[in-house]
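The values are calculated or read from the model by the stated rules, or taken from the named source; none is laboratory data. Computed from a prediction, not measured in an experiment: that's the story for all the values here. As a convention, Cβ positions derive from the backbone with ideal geometry for all residues, glycine included, and neighbour counts pool all protein chains shown. Accessible surface is based on the protein model in full, side chains and every heavy atom, while ligands, DNA and RNA are left aside. Shrake-Rupley method; radii C 1.70, N 1.55, O 1.52, S 1.80 Å.
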Amino acid sequence: MKRIGLLSDTHAHWDDRYLLHFEQCDEIWHAGDIGCMSVAEQLAAFRPLRAVHGNIDGWDVRKKYPETLRWRCEDADVLMTHIGGYPGKYNPRIRQQLYLQPPHLFIAGHSHILKVAYDSQIDCLHINPGAAGLHGWQQVRTLIRFTVDGREFKDLEVVELG
């Protein structure tokens with residue numbers, strides 16, 4: 001069983017509350033638009049970090065973090081990218097992979113809109129953690145915590161940063 005802290009779209013903004021809210025987490029996952037290496041480095045110094053780059057990230061971030069990342073967490077197949085879309089409206093770049101080899105969990109950021117939805121067509125949970133940074137039109141900054149237990153995702157909590 002692993003406890004995960006998930007965020008996206010920090011846009012180079014650091015908030016000490018990231019660490020406070022991820023204190024009980026085993027890993028931190030960042031779904032892109034990190035903004036600068038110092039944010040990634042601070043997260044990685046605190047807990048193991050899995051991250052993808054986003055459309056605003058510079059070459060230093062892009063060199064270290066891929067556009068798409070796929071791995072196993074516990075018994076779950078996880079796929080993460082920054083611009084991924086939503087169930088029924090997936091980004092064309094990732095759509096074929098989702099339909100041909102559906103993961104158990106698909107994570108995407110980019111929209112700054114927090115959304116958790118189950119896609120029954122491909123039997124996959126989709127999570128967009130919203131935006132944890134200051135840049136963007138979102139009125140409430142958010143991040144998510146959840147547990148991966150085998151192939152189950154549970155104890156999902158949305159944290160509002162204001």
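Things to note:
- Which numbered condition residue 109 misses (of (1) buried (at least 22 other Cβ atoms within 10 Å of the Cβ); (2) without any contact (Cβ under 8 Å) to a residue 40 or more places away in the chain; (3) in contact with an Asp or Glu (Cβ under 7 Å, 6 or more places away or on another chain)): (2)
- Inclusion of residue 74 among residues that are within 28 Å of residue 152 (Cβ to Cβ) and either in contact (Cβ under 8 Å) with a residue 24 or more places away in the chain or out of contact with any Cys (no Cβ under 6 Å at 6 or more places or on another chain) (or both) is warranted.
- Applying a threshold of 6 Å to beta carbon distances and a minimum spacing of six or more residues, or different chains, the list of pairs starting in the range 1-17 at a residue that is over 18 Å from residue 136 (Cα atoms) and in a loop (DSSP other than H, G, I, E, B) and ending at one that is open to solvent by 10 Å² or more (accessible area, probe 1.4 Å) and not β-branched (Val, Ile, Thr) reads 1/149.
- Only listed residue being open to solvent by less than 10 Å² (accessible area, probe 1.4 Å), within 20 Å of residue 24 (Cβ to Cβ), part of a strand (DSSP E or B) and at pLDDT 95 or above, chosen from 148, 116, 158: 148
- Considered as a group, the residues in the range 45-77 that are small (Gly, Ala, Ser) and touching a strand residue (DSSP E or B) at 6+ places or on another chain (Cβ under 8 Å) include one that is nearest to residue 5 (Cα to Cα), and that residue is 51.
- Only one entry of 59, 71 meets the criterion of being open to solvent by 10 Å² or more (accessible area, probe 1.4 Å), aromatic (Phe, Trp, Tyr) and farther than 22 Å from residue 119 by Cα, and that entry is 59.
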